[in-house]
1. Please determine, by comparing only the residues of segment 222-236 that are under 15 Å from the mean Cα position of the chain (by Cα) and closer than 11 Å to THR198 by Cα, which one is surrounded by the most Cβ atoms within 10 Å (Cβ to Cβ).
2. What do you reckon, is ALA252 in a strand (DSSP E or B) and either open to solvent by less than 60 Å² (accessible area, probe 1.4 Å) or of a type in the set (Lys, Arg) (or both)?
3. I'd like the full set of residues that are open to solvent by 60 Å² or more (accessible area, probe 1.4 Å) and assigned to a helix (DSSP H, G or I), limited to segment 299-330.
4. Just the residues that are more than 30 Å from ARG332 (Cα to Cα), surrounded by fewer than 16 Cβ atoms within 10 Å (Cβ to Cβ) and of a type outside the set (A, V, I, L, M), please, taken from segment 255-296.
5. Quick check: is even one residue across segment 52-68 open to solvent by less than 80 Å² (accessible area, probe 1.4 Å), at pLDDT below 65 and more than 27 Å from the chain's Cα centre (by Cα)?
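The values are calculated or read from the model by the stated rules, or taken from the named source; none is laboratory data. Note that the coordinates shown come from a computational prediction; the quantities given were computed from them, not determined experimentally. Quick reminder, even Gly has a Cβ in these numbers, built from the backbone with ideal geometry, and neighbours come from all protein chains shown. Protein only, heavy atoms only, side chains kept; ligands, DNA and RNA dropped before computing areas. Shrake-Rupley method; radii C 1.70, N 1.55, O 1.52, S 1.80 Å.
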Amino acid sequence: MVIRTLALTPRQTDGDETVTDVCGDDPTWICREVWEATGNSALSQIADWVIGRPLKIAFILFIGWVAARIARHYVRKWVKRIAESEGSTTRRSLEVIGLEGIESLQADEPDPRREARAVSISAVLGSTVSVIIWSIAIMIALSEAGINLAPLIAGAGIAGVALGFGAQSLVKDCIAGFFMLVEDQYGIGDHVDLGEATGTVERITLRVSVLRSGDGTVWHVPNGEVRRVGNRSQVWSIAVIDMDVAYDADLARVREVMRTVAAEVCATPEFSEVILDEPEMLGVEVLGPDAITVRMHIKTSPGAQWRLQRALREQIKIAFDAENIEIPFPQRTVWVRSEA
């Protein structure tokens with residue numbers, strides 16, 4: 001009589017079931033261990049659903065959280081490095097045009113405008129990267145939970161197409177606002193010309209720029225509608241002084257009086273800190289029908305040119321009156337004919 005014994009391996013039971021049959025092609029560690037320890041397929045599957053899959057999903061979400069944190073950290077570092085390099089470029093350009101005073105000031109003190117722009121850009125990029133990472137992590141987690149992602153992806157695609165058609169202007173505004181921030185076209189406090197809207201920038205978001213004009217009107221300009229930007233207060237500005245004098249005026253004397261008055265006004269405590277260069281007398285600008293226009297330039301700090309222009313016009317008018325230099329006004333000769 002021959003007695004045969006059947007040795008049961010940890011991966012096989014009396015029913016010839018294997019760990020692949022019970023736990024699937026990619027068995028979890030919990031399912032494999034319970035199966036090898038008990039040989040009970042029902043208990044192994046229950047342990048896999050109650051312990052194994054939740055642990056795997058939690059691990060996937062934890063990896064997504066860590067990846068999002070690391071990505072945001074490196075995005076902030078990258079944006080900060082770009083902002084610093086732009087600051088160095090700005091200082092070099094200021095040195096080239098001869099503004100050593102403001103160059104040394106920017107070299108010693110941080111630029112709040114540049115820092116605020118860096119914070120805004122890093123926040124936008126960091127949020128975008130986080131959304132992408134979390135979307136991938138959630139999709140993988142749902143797949144591990146046994147949910148079929150094909151209908152969800154198809155539905156999301158249809159909803160995305162519909163939303164894209166309905167929100168084209170919104171997406172356009174946000175993209176334009178992002179590139180506007182990256183290129184530093186203008187910032188809060190700048191006086192800009194955006195076409196029909198002109199004024200001082202009070203607030204900037206990805207979707208809209210808020211300007212306040214000289215008469216107090218608040219303009220909300222969608223960033224996608226901005227076709228051109230004229231920034232009148234970036235890095236430095238120029239005060240332009242045009243004075244009209246009569247054709248019989250002594251132009252040499254006119255230039256001398258304007259130069260003297262400009263030097264006196266620029267030396268006052270009110271303007272001495274905002275003057276970046278000596279007044280430049282350009283000379284005759286226009287030979288008009290009623291007067292000769294004489295032009296002078298003065299380089300100032302951003303936004304200081306308007307109050308300097310007003311002060312200079314007033315003082316030059318007073319000086320012209322004292323020197324008997326005529327500021328003409330349009331005149332016409334009228335001939336009256338009589339029938340007699």
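1. The first filter runs over segment 222-236 and keeps only residues under 15 Å from the mean Cα position of the chain (by Cα), leaving 222-224, 226, 229, 231, 234.
Now restrict to residues that are closer than 11 Å to THR198 by Cα: 229, 231.
Numbers: VAL229: 16, ASN231: 18.
Here the answer is ASN231.
2. Working: in a strand (DSSP E or B): no; either open to solvent by less than 60 Å² (accessible area, probe 1.4 Å) or of a type in the set (Lys, Arg) (or both): yes.
Criteria not met by ALA252.
3. TRP306, ARG307, ARG310, ARG313, GLU314, GLN315, LYS317, ILE318, ASP321, ALA322
4. GLU256, ARG259, THR260, GLU264, THR268, PRO269, GLU270, SER272, GLU273, GLU278, GLU280
5. Yes; the residues of segment 52-68 include at least one that is open to solvent by less than 80 Å² (accessible area, probe 1.4 Å), at pLDDT below 65 and more than 27 Å from the chain's Cα centre (by Cα).
The rows are residues; the columns are (1) part of a loop (DSSP other than H, G, I, E, B); (2) farther than 21 Å from SER301 by Cα; (3) at pLDDT below 85.
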site	(1), (2), (3)
LEU181	no, yes, yes
GLY189	yes, no, yes
GLU196	yes, yes, yes
GLY199	no, no, no
ARG203	no, yes, yes
SER209	no, yes, no
GLY214	yes, no, yes
HIS220	no, yes, no
